[in-house]
Amino acid sequence: MAAAPAPHQHLYLRLIAALKIAKGLTLLGVAVALLFLDIRHTWFEQVVDWVEAEMLLPHYNLVLAALRWIEEFLTGSRLRSVGLLALLYAAVLMTEGIGVWFEKRWAEFLLVAATGSLIPLEAFHLYLHPSLAKLALIAANMAILAYLARLLLRTRKSNQDGSAARG
C-alpha cells in the first residue's frame with residue numbers, strides 16, 4: 001500500500017493539477033470557439049495566433065500541417081485545424097490535470113512523460129523566438145518535471161521497501 005503524500009506534496013500536486021486544468025480549459029474554450037462558433041473578429045484572430053504561437057509550440061507543426069492540408073482540401077479554412085489541435089492538446093492537459101488532482105499514479109507518469117518530452121522542443125522554440133514568458137514556461141515545466149520525478153521515485157522506493165518488509 002502506498003504511503004499517503006505529505007501535506008506539502010498534496011498541495012504541490014493540487015497546484016500542478018490546477019495549472020494543467022486551467023491551461024486545458026483555456027485551450028478548450030479556443031477549440032470550441034474555432035470549431036463550433038463562427039467567430040471571425042479581428043481580436044479573436046489575434047487570440048488564435050497567440051495560442052498557435054505560444055501554447056501549441058512548434059512540435060505540433062507536423063500535425064498542424066497535416067490537419068491544415070486536410071482541412072484546406074475539405075473546406076479551405078485554417079482556423080478549424082488550429083481548433084482541432086487545440087482540442088486534442090486540451091484533452092491531454094485535462095486528463096493530466098484531473099488525474100493528478102485525484103492523485104492517480106498513472107497521471108503522474110503521463111505528466112512526467114508529456115512534460116519531459118516537450119522540454120527540448122520548447123527550448124528550441126525559445127532559441128528561435130526568445131522571450132521571458134517562454135523562459136519562465138520552460139523553467140516551470142522543468143521544476144514540475146523534477147518535482148514529480150523525485151516524488152515518483154521516492155514513492156516507488158517506499159513501495160519496494162514496504163514489500164520487502166512484508167515479504
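The values are calculated or read from the model by the stated rules, or taken from the named source; none is laboratory data. Keep in mind the model is a prediction, meaning the values are calculated, not measured. Here Cβ is always computed from backbone atoms with ideal geometry, including for glycine, and neighbour counts include all displayed protein chains.
When segment 12-26 is examined, which residues are found to be small (G, A, S) and surrounded by 16 or more Cβ atoms within 10 Å (Cβ to Cβ)? Matches in segment 12-26: A17, G24.
Close contacts from segment 81-104, counting a first residue that is without any contact (Cβ under 8 Å) to a residue 60 or more places away in the chain and a second that is among the acidic types (D, E) and assigned to a helix (DSSP H, G or I), with Cβ to Cβ under 7 Å and a gap of 6+ residues or different chains, come to S81/E71; V82/E52.
Residues are listed down the side, and each one gets a yes or a no for (1) within 19 Å of L25 (Cα to Cα); (2) within 16 Å of the chain's Cα centre (by Cα); (3) among the aromatic types (F, W, Y); (4) at pLDDT below 90:
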position	(1), (2), (3), (4)
L84	yes, yes, no, yes
V92	yes, yes, no, no
E96	yes, yes, no, no
G99	yes, yes, no, no
K104	no, no, no, no
L128	no, no, no, yes
K134	no, yes, no, yes
N141	yes, yes, no, yes
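With respect to being over 22 Å from K20 (Cα atoms) and either modelled with pLDDT of 90 or more or surrounded by fewer than 19 Cβ atoms within 10 Å (Cβ to Cβ) (or both), G76 fits the description.
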